[in-house]
Amino acid sequence: MKNIFARNTTVLFQGDSITDCGRKREDSRSLGLGYPSIIARLYDALFPGHGVNFLNRGVSGDRSSELLRRYDADIAALKPSLISFLIGINDTWRRYDSNDPTSTEAFERNYRTILQNVKRDLPSARIVIIEPFLLNTMADKLSWREDLDPKIAVIRALAREFADVFIPMDGIFVSYVVSGKRDVDITADGVHPTLTGHALIAESWFKALGIL
């Protein structure tokens, strides 16, 4: 185990409902019930008195375009030392439930602009990118792969260019399924993790950052 953060470090989690996971908007310290909360609680247990400031600004339903629009308030103004991104599934989802697609090209522009802004405004901040994922839990979502997979390819390319740490969560979840877990153990609807799924994201985060 390694405490990689200095005292007074701010770690910011950004994304959509998977990150949001029921956080209380009226409480700026609320981490919700998902992987950000698990990460913070485990860090507290491993390194008591660490002095790290964990923040969650995930917003349920957000696409890359909404995350870009709130960049100033929810990223730049918070001055994090590390930003952990998990965004992209709603850029696919809205195509199928609202006939409101986000092209792969538009998604790349949005995400690239966010990352370029971070490099410009917060040059010392470390960037963690978690790729979105889709498990084979519900048959009606199997066709989403044609839209999501090109976006995952974009994220992997952007990670090579901008990220300090990349977590291939789509592939990691598949590896858990191959090794014996059921898709439904990780996410009931193919997208939103169960408690087990959130714990696996947190474990992957700790391992990727070299904490475990």
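None of the figures in this text is laboratory data; all of them are computed from the coordinates on show. The model shown is predicted, which means the values in this text are computed figures rather than measured ones. Cβ coordinates were reconstructed from backbone atoms using ideal geometry, including for glycine residues, and neighbour counts include every protein chain displayed.
Find which of S124, F107, I152 sits farthest along the positive direction of the dipole of the chain, computed with +1 on the beta-carbon of Lys and Arg, -1 on that of Asp and Glu, about the Cα centre. Going by the charge dipole, the pick is S124. Residues whose amide H lies under 5 Å from that of N56, counting only those 5 or more places away or on a different chain, are F13; hydrogens are built 1.01 Å from N in the peptide plane. The Stokes-Einstein estimate for region 9-78, based on a Kirkwood radius over Cα pairs and taken at 10 °C with 1.306 mPa s viscosity, is a diffusion coefficient of 128 µm²/s.
The length gained by stretching the chain between S98 and E161 to full extension, at 0.36 nm per residue less their Cα-Cα distance, is 19.5 nm.
Put simply, the C-alpha atoms of region 10-208 give a gyration tensor, and the ellipsoid matching it has half-axes of 24, 21, 15 Å, longest first.
Exposure proxy ranking for M138, M1, M169, based on other Cβ atoms within 10 angstrom of each Cβ and starting from the fewest, stands as M1, M138, M169.
For T187, nonlocal amide neighbours, meaning residues 5 or more places apart or on other chains whose placed amide H falls under 5 Å from its own, are T194. Taken over the chain, lysine pairs spaced eight or more positions apart, or on distinct chains, with alpha carbons under 20 Å apart number 5.
Semi-axes of the equivalent ellipsoid for region 104-195, computed as √(5λ) from the eigenvalues of its C-alpha gyration tensor and ordered from largest down, come to 28, 15, 10 Å. Extension gain, A6 to M138, is 43.2 nm, computed as 0.36 nm per intervening residue step minus the present C-alpha separation. Computed about the Cα centre, the dipole magnitude for the chain is approximately 720 debye when only Lys and Arg (+1) and Asp and Glu (-1) carry charge, each at its Cβ.
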